[in-house]
Amino acid sequence: MLYRETAKDAFRPIITTTFRDSVTPQFFSFDNKKLYVTSNLNRDKQAVVLLDPRTGKEEQVLFSHPEVDVEALTFTRAPKKVSCAVYSTWKQERTCFDPEATALFAKLEAQLPGQQVFIEATNKAEDKLVVRARNDRTRGTYYLYDKAKAKAKLDKLTDVAPWLDAKQLAEMKPIAYQSRDGLTIHGYLTLPAGVPAKGLPVVVNPHGGPWSRDDWRFNPEVQFLANRGYAVLQINFRGSTGYGRKFWAASFKEWGGKMQDDVSDGVKYLISQGIADPKRIAIYGGSYGGYATLAGLTFSPELYACGIDYVGVSNLFTFMKTIPPYWKPFNDMMHEMIGHPEKDKALLTARSPVFHVDRIRAPLLIAQGKNDPRVNIDESNQMVAALKKRGIDVPYLVKDNEGHGFHNEENRFDFYEAMETFLAKHLK
């Protein structure tokens with residue numbers, strides 16, 4: 001982080017970090033002398049702190065949460081006040097320091113029960129607001145809110161997707177369970193609407209990244225699957241962001257290892273609760289989720305009736321080679337987080353599904369974009385070739401005009417139609 005006192009001064013470094021650290025400027029104090037940042041320096045969870053930019057030293061911790069990282073700090077210009085800290089537990093939440101902000105959100109949330117409330121825009125006086133409300137069963141509605149009115153009420157502007165009836169969609173509920181080595185793993189379970197939560201076919205849907213997270217929101221894929229009668233399990237396995245530095249770093253060199261165990265433990269949790277039919281469980285994911293799909297079918301084949309790999313990694317060696325040379329700092333990070341091709345050769349060999357296709361028992365559907373710059377098409381080609389060598393025919397959907405994930409509407413139709421047919425066949 002570089003700082004200069006005035007435009008005439010030279011920039012000088014005040015904080016230097018490794019990729020394991022996070023220091024993110026939010027905004028200057030209103031006298032322009034201090035800097036508010038979110039930081040995990042010398043702590044596990046990211047907190048909001050006040051920093052002296054001349055020295056790089058922390059002066060005060062404004063807010064921290066015992067379980068999750070603080071994501072952001074907000075302020076108001078009229079009057080000039082620090083207002084709220086924002087963080088995500090099972091859903092995005094806020095803690096407000098300003099009584100006016102506390103009262104405002106209380107009024108808005110009282111009028112919008114069961115919704116997450118966001119202020120999307122204001123006028124300069126900040127007495128007129130554009131408010132968005134959304135939840136797990138709607139893409140949201142925009143409202144105008146005028147503070148000046150005696151009985152300030154929300155005036156509806158528009159629905160984002162008025163053709164979707166929230167009453168017909170499925171609820172996304174938070175769950176938590178213990179991993180086999182004692183970590184608390186959080187996730188979400190979406191059950192098909194109006195169906196008893198007993199003996200259901202399940203689609204396990206590990207997220208991509210893998211250093212990101214699933215959150216509570218409207219998810220069109222999840223709703224698509226739940227509408228077809230499947231329960232959907234989303235898992236914030238170790239390495240998922242937002243749960244602190246230790247939880248994130250617990251994923252290092254654990255692709256196909258403890259990260260995959262977290263997914264398997266989630267499946268076993270649903271079975272133990274009687275929610276999942278153990279003979280009708282599929283795994284589907286994209287990017288890292290595609291890797292987790294291949295790893296699931298390879299390293300825990302007894303759990304799954306079928307799998308869908310969408311632009312997923314199959315060979316950790318070739319995956320590393322496709323990282324562009326100009327990304328060398330990122331490449332060095334990947335060696336530390338996933339493994340080094342030479343120093344960790346045995347590990348990467350053991351964790352690359354393409355070398356262990358003889359363990360796969362379940363049917364597999366693979367989808368890939370020909371021009372994918374992130375997960376090269378060779379990752380999918382290798383997997384298909386290895387399975388064909390064993391005499392196994394793998395449905396393989398390749399789109400010549402796509403990169404990392406399908407974006408053209410006609411290709412999305414093809415993919416989801418193929419998914420629906422494939423799951424119906426193998427999960428009955």
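The values are calculated or read from the model by the stated rules, or taken from the named source; none is laboratory data. Because the structure is predicted, anything quoted here is derived from the model rather than measured. Backbone-built Cβ (ideal geometry, glycine too); neighbour counts: all protein chains shown. Areas reflect the complete protein model, heavy atoms only, side chains present, ligands, DNA and RNA absent. Shrake-Rupley method; radii C 1.70, N 1.55, O 1.52, S 1.80 Å.
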(request) Run through all the Cα pairs of the range 331-428 and give the fraction in each 5 Å bin from 0, expressed as whole percent. (result) 2, 11, 17, 17, 19, 16, 10, 5, 1, 0
(request) Please work out the FRET efficiency for the pair Lys268 and Phe28, using the Cβ-Cβ distance as r and a Förster radius of 51 Å; give the result to the nearest 0.05. (result) 0.55
(request) Could you go through the range 127-134 in sequence order and give the Karplus-derived ³J(HN,Hα) for each residue, using 6.51 cos²θ - 1.76 cosθ + 1.60 with θ = phi - 60°, rounded to whole Hz, and x for Gly and Pro? (result) 10, 10, 10, 9, 10, 10, 10, 8
(request) Rounded to the nearest Å, what's the spacing between the alpha carbon centres of the range 263-286 and the range 5-73? Just the number, please. (result) 42 Å
(request) Mind pulling the per residue volume of the convex hull built on the Cα atoms of the range 112-246? Å³ is fine. (result) 156 Å³
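Could you rank the peptides 229-238, 338-347, 205-214 by their average count of other C-beta atoms within 10 Å per residue, with the highest value first? Please list the in-between numbers first.
Values: 229-238: 24.8, 338-347: 15.2, 205-214: 21.2.
In descending order of packing, they fall as 229-238, 205-214, 338-347.
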(message) If you average the alpha carbon positions of the range 219-243 and of the range 337-397, how far apart do those two centres end up, in angstrom?
(response) 23 Å
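Between Ser212 and Ala152, 0.36 nm times their residue separation minus their Cα-Cα distance comes to what? List each step's numbers first, then the result.
On the way: separation 60, 0.36 × 60 = 21.60 nm, distance 3.81 nm.
Additional length available on full extension: 17.8 nm.
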(message) Before I look further, what does the range 250-382 give for accessible area per residue, probe 1.4 Å, in whole square angstrom?
(response) 37 Å²
(request) Enter the accessible area of Arg12 (Å², nearest 10), with the probe set to 1.4 Å and all protein chains included. (result) 100 Å²
(message) Report the gain in length on full extension from Thr184 to Ala418: 0.36 nm times residue separation, minus Cα-Cα distance, nm rounded to one decimal.
(response) 80.7 nm
(request) With the full set of protein chains in place, find how many percent of the accessible area of the chain is carbon and sulfur; take the probe as 1.4 Å. (result) 52 percent
(request) Rounded to the nearest 0.05, what FRET efficiency do Phe105 and Glu59 give with R0 = 30 Å and r taken as the Cβ-Cβ distance? Could you check? (result) 0.60
(message) Please flag any cysteine in the chain that has no other cysteine's Cβ under 4.7 angstrom from its own Cβ.
(response) Cys306
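From the cross-link list Lys258/Lys345; Lys80/Lys128; Lys198/Lys258; Lys258/Lys389, which pairs have alpha carbons spaced over 26 Å apart? Write out the running numbers ahead of the final one.
Details: Lys258/Lys345 18 Å; Lys80/Lys128 16 Å; Lys198/Lys258 28 Å; Lys258/Lys389 30 Å.
Check vs 26 Å cut-off fails for Lys198/Lys258; Lys258/Lys389.
Give the calculated FRET efficiency between Ala166 and Thr95 to the nearest 0.05, with a Förster radius of 30 Å applied to their Cβ-Cβ distance.
Values: r = 28 Å, r/R0 = 0.94.
Step by step, r from the Cβ atoms, then E = 0.60.
So what is the accessible area of the range 1-148 per residue, in Å², with the probe set to 1.4 Å? Walk me through the numbers on the way to the answer.
Details: 8130 Å² over 148 residues.
I get 55 Å² per residue for this part.
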(message) Just to confirm my numbers, what's the Cα centroid distance between the range 78-116 and the range 291-316 in Å?
(response) 41 Å
(message) Based on C-alpha coordinates, I'd like the Rg and Dmax of the chain, in Å.
(response) 23.9, 74
(request) Please get the size of the charge dipole for the range 334-394, origin at its Cα centre, with Cβ charges of +1 on Lys and Arg and -1 on Asp and Glu, quoted in debye to the nearest 20. (result) 240 debye
